[in-house]
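Notes for the one structure printed next.
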Amino acid sequence: MAGLELGANNNNNSSTVSRPFVVSAVVLAFAGSLVGSVWMMALFGVQAGGTYMAFPLHRALQIDGFLTVLIMGIGYMIVPRFRNSTLPSTKLAYVSLALVLASIALSVASTVSPGSDDDNMQALSSAARLAGVAIFSGMVFWMLRIRPRLLGLADYFIGLSVATLLVLGVIRMSGAEVASALSEVQVLLLFPLLMIFGVEYKTMPSFLGFIRPRKKAAMASFALAVAAAALGIPSALLDSAPLSAAFNAALLGSAAAFAHSLYVFGGFDNSEILRLISGEKKARYTYTMAYSRLSFLFLYAGIAFAAAFFSAPSSDLSYISYDLAIHLTAIGFIGTTIALYLPLMLPAITGRQVRFASFSHAPVLLLVAALAVRAAGDAALTYGLLLQPLSYLLMASGWMVVTALAAFIVMVRRSMKKGTAATNIDASIT
């Protein structure tokens, strides 16, 4: 099967390079979630010094930091493995990480300690980020020259993802004004979303046991993804309702066609597979199947809320639609997909097995509960239902995300077989 071997015995340097990216991403995820929790508390009336800084810090740490660093690390590991090659330069990969982290540090510093040099610090931050992204993009595009033997469409999703990230870096460096905040965030989330599509297209046939994806649906998904990227960037800069509507329609169509191409919601008979596998393999299979379905349901819901926002931006439900469009995509789709793929990739990074049979669904259930509480909190803010006991409950959604993240990390660490090398582990069902 056309799968991805995630064992630690592959003779390349990509797994070692990815380690500091993953560690840095986890630290940034915790920091960003903590800041976001403080911001939620401020929205519900718990005021503390410096809460005005929470929103820009949350965005810098989560989108510019966590998501960018993690997906870069995954890209450095996955792209060489798709073609059984090595990175052109491990030193350049580390330089790209250092530049992106320096960019985040400068952005955080200018937010925490505003002063007369803010513009210069932000310019330096944008320049450092663009330089790091340019190195990453250059190495990925260099490796994409080598055609894989199977499922080459995955490279097109990855290439579009990296190109989107690079274009966004150039736009930020140019100082172009953003006209639509929601479209801007959606376009920023396109980079990890498209990278996820590329990785899933290559690996899901192995993980779920079908021979290859539906090619016509996959090609339609990619064509719509190109349209979404082409429409999304101008919709963020121009604040055009027709452009935003077309962008979300293309994005939803791409997501739906992609899920159809990978049989995410069925379409192939896996009863024989489920009958033949047991133990660890069955636990890994059912985990993959359940979490991939849940993630796409979140993505559909996030895009639907974005479409609702742009169709009636001045309605009573505009804030609810705006907030849930972002967080159902970022926390729901991307967060759940990370919860799916990170354990599958960790053996290659750490050299230790991850036992899916010992996993608990508690972290993701807590994440789902956090999003439900957030939706209730958005409704309470919209309609002024900020009663004191209720406010304390609704502001807990951010802390629930922090708890879910901590619980997930603890669960994965406990599931690892200490001292057991992840030699020749294959994430496929065979």
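Values quoted throughout were computed directly from the atomic coordinates according to the rules given, and no laboratory measurement underlies them. Here the structure is a predicted model, which means the values were calculated and not measured. Cβ sites come from the backbone with ideal geometry, for glycine too, and all protein chains shown count toward neighbours.
Here the residues Arg83, Arg284, Arg149, ranked from fewest to most Cβ neighbours within 10 Å of their Cβ, fall in the order Arg149, Arg83, Arg284.
Couplings for the range 376-385, taken from phi via the Karplus curve 6.51 cos²θ - 1.76 cosθ + 1.60 with θ = phi - 60°, read 5, x, 4, 5, 5, 5, 5, 9, x, 9 Hz in order; Gly and Pro are left as x. In the chain, the longest principal axis of the Cα atoms and the axis of helix 14-43 are about 30 degrees apart.
Divide, for the range 55-175, the radius of gyration over alpha carbons by 2.2 N^0.38 Å, where N is the residue count.
Working: Rg = 15.6 Å, N = 121, 2.2 N^0.38 = 13.6 Å.
That works out to 1.14 for the range 55-175.
Taking Cα centre as origin and charging only the Cβ of basic (Lys, Arg, +1) and acidic (Asp, Glu, -1) residues, the dipole magnitude of the range 102-200 rounds to 560 debye. What does the charge count near Thr16 come to, summing +1 for each Lys or Arg and -1 for each Asp or Glu among other residues with Cβ under 15 Å from its Cβ? Around Thr16, the charge tally is +4.
Assuming charge only on the beta carbon of Lys and Arg (+1) and of Asp and Glu (-1), the dipole of the chain about its Cα centre is about 1860 debye to the nearest 20. Residues in the range 262-272 carry Karplus couplings, in order, of 9, 6, 4, 9, x, x, 9, 8, 9, 4, 5 Hz; the curve used is 6.51 cos²θ - 1.76 cosθ + 1.60 with θ = phi - 60°, and Gly or Pro positions show x. Under the simplified labelling scheme, the Val167-Arg275 pair shows an inter-label distance of 4.9 nm, with each label point 7 Å from Cα along Cα→Cβ.
By the scheme Lys and Arg +1, Asp and Glu -1, what is the net charge of all other residues having a beta-carbon under 12 Å from that of Leu328?
-1
Summed over all non-identical Cα pairs, the Kirkwood treatment of the range 299-358 gives a radius of 13.3 Å.
Simple rule: put +1 on each Lys or Arg Cβ and -1 on each Asp or Glu Cβ in the chain, find the dipole, and look at Ala304, Ile277, Met289; the Cα lying farthest toward the positive end is Ile277. For the range 326-336, 3J(HN,Hα) computed residue by residue from phi via the Karplus equation (6.51, -1.76, 1.60; θ = phi - 60°) reads 6, 7, 5, 7, 6, 7, x, 5, 5, x, 5 Hz, glycine and proline entered as x.
FRET efficiency for the Phe268 to Lys216 pair, using the beta carbon distance and R₀ = 22 Å, is estimated at 0.90. Against the chain, whose longest principal axis comes from its Cα atoms, helix 181-208 is set at around 10 degrees. Label sites at Asp118 and Ala376, each approximated as a point 7 angstrom past Cα along Cα to Cβ, lie 3.7 nm apart. Please report the net charge: other residues with Cβ closer than 14 Å to the Cβ of Gly198, K and R +1, D and E -1. Here the charged neighbours net out to +1. Where does helix 68-82 land angle-wise versus the long Cα axis of the chain, in degrees 0 to 90, nearest 10? The helix 68-82 is inclined about 20 degrees to the chain.
Distances between placed amide hydrogens fall under 5 Å for Met416 paired with Arg355, all partners being 5 or more residues away or on another chain. Out of Ser235, Ser183, Ser113, any idea which swings most in a Gaussian network model of the chain, alpha carbons joined below 10 Å? Highest fluctuation of the listed residues: Ser113. For the peptides 194-207, 367-380, the ranking by mean Cβ contacts within 10 Å, running from highest to lowest, is 194-207, 367-380. Grouping the Cα pair distances of the chain into 10 Å bins from zero gives a pair-distance distribution of 4, 21, 33, 28, 11, 2, 0 percent in increasing distance order.
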